[in-house]
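Reading through the structure tokens given below for one structure.
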């Protein structure tokens, strides 16, 4: 089956300034960072108890998301990719592309009681390309398509000559091996994890320059398909996209935060040129991951605003009988978003306007008892043309009603 990733990349390169396609990835590779906590909180935990999902439950959720076809890429650890891609053949008849984390630098080793994330990043690779591609060492040529053929390579620049040179040398060796074995990759560039490595005001320029310098000597056969990086605001994003429109820029999600944090981050980054979003904890910590991703997809496709999506998401949760982590009012707040695994980094805050907070909308229900903001309207939704829903013609309340009805059809 044709993969949506391939279709979208082709269109983005054919018309890099005009194409509005957006690539959405679910980053379910956290067991290479957060270990036992990677699968997220278990819904079976009792009050006051911290209990995580099992690895089997984690993989079941991945399967459900892939089968829903709402993302373009599913990023996994090599061990999970082996189970779902090679053994269960989950992706054979799916438009979703499987990918595996190809390296795991020390700054993402989030182990309870450890200090690794606060120590300067050192390069490291657990997985080998052969094991990602075919599940064992020394793949035969015909076996290399059995598993994932796309990987995430991560690099952290710390403004240290020796450390950064070593990181670049490891990335070079990875690219050479990947080219020999026909393995494609995308490049994740973290902010420095060493305290005070770069002045905060200089950080966006430092990261942009580091990316361009890193790839300046890399020819097309070894270049990443796209980037994954911290969103440093409109100016930094526009600068990078303007420099090379064919350098497809993606953003990482960082800590979970509020629902509005996630939805607004995607919306703002896309507005200024990002064409990929890779969210991990923001999805994995959602009350209902399928519903959360559906609204990410609608925002990415320009069908709904971030503000409308938060209200509609709460409407879906209410309809499903799922208690939200926060009230609608609290979930509409932007918190400090720290954008790397270890909990340190640069905070990007996007203050909403009065209209964005919904204070002047026709839907006036703001009480805790009316979190879904449906205003108890019973308006029918007639905004359909040729079988496609035209969200632009809907009121906010109609969009909430539509999405509640959609999830009623899916989940009963």
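Laboratory data are not the source of any read-out in this text; all were calculated from the coordinates shown. Keep in mind the model is a prediction, meaning the values are calculated, not measured. Ideal geometry is used to build each Cβ from the backbone, glycine not excepted, and the neighbour counts take in all protein chains shown.
Explain nothing, just the number: relative contact order of segment 4-304, from Cα pairs under 8 Å at least 6 residues apart, as a whole percent.
Value for segment 4-304: 18 percent.
Once you put a point 7 Å from the Cα of residue 14 and another 7 Å from the Cα of residue 246, both along the Cβ direction, what distance in nm separates them?
1.6 nm
Rounded, prolate or oblate: which fits segment 4-304, taking a ≥ b ≥ c as square roots of the Cα gyration tensor eigenvalues, rounded meaning a/c under 1.5, else prolate when a/b beats b/c?
In terms of gyration-tensor shape, rounded.
Under 16 Å from a point 7 Å along the Cα-to-Cβ line of residue 6: which residues of segment 216-248 have their amide N that close?
Only 225 fall inside the zone, counting backbone N under 16 Å.
I want the antiparallel fraction of DSSP beta bridges within segment 2-128, as a percent rounded to 5.
Taking every DSSP beta bridge within segment 2-128, about 10 percent pair in antiparallel fashion.
Run the quick spin-label model on residue 322 and residue 199: label points 7 Å from Cα toward the beta carbon, then report their separation in nm to one decimal.
Result: 4.5 nm between the two label points.
Have a look at the DSSP beta bridges in segment 4-304 and tell me what percent are antiparallel, nearest 5.
Approximately 5 percent, going by the DSSP bridge assignments.
Under a no-solvent Debye model with one identical scatterer per Cα of segment 116-183, what's log10 I(q)/I(0) at q = 0.24 Å⁻¹?
With one equal scatterer per Cα and no solvent, log10 I(q)/I(0) is -1.00.
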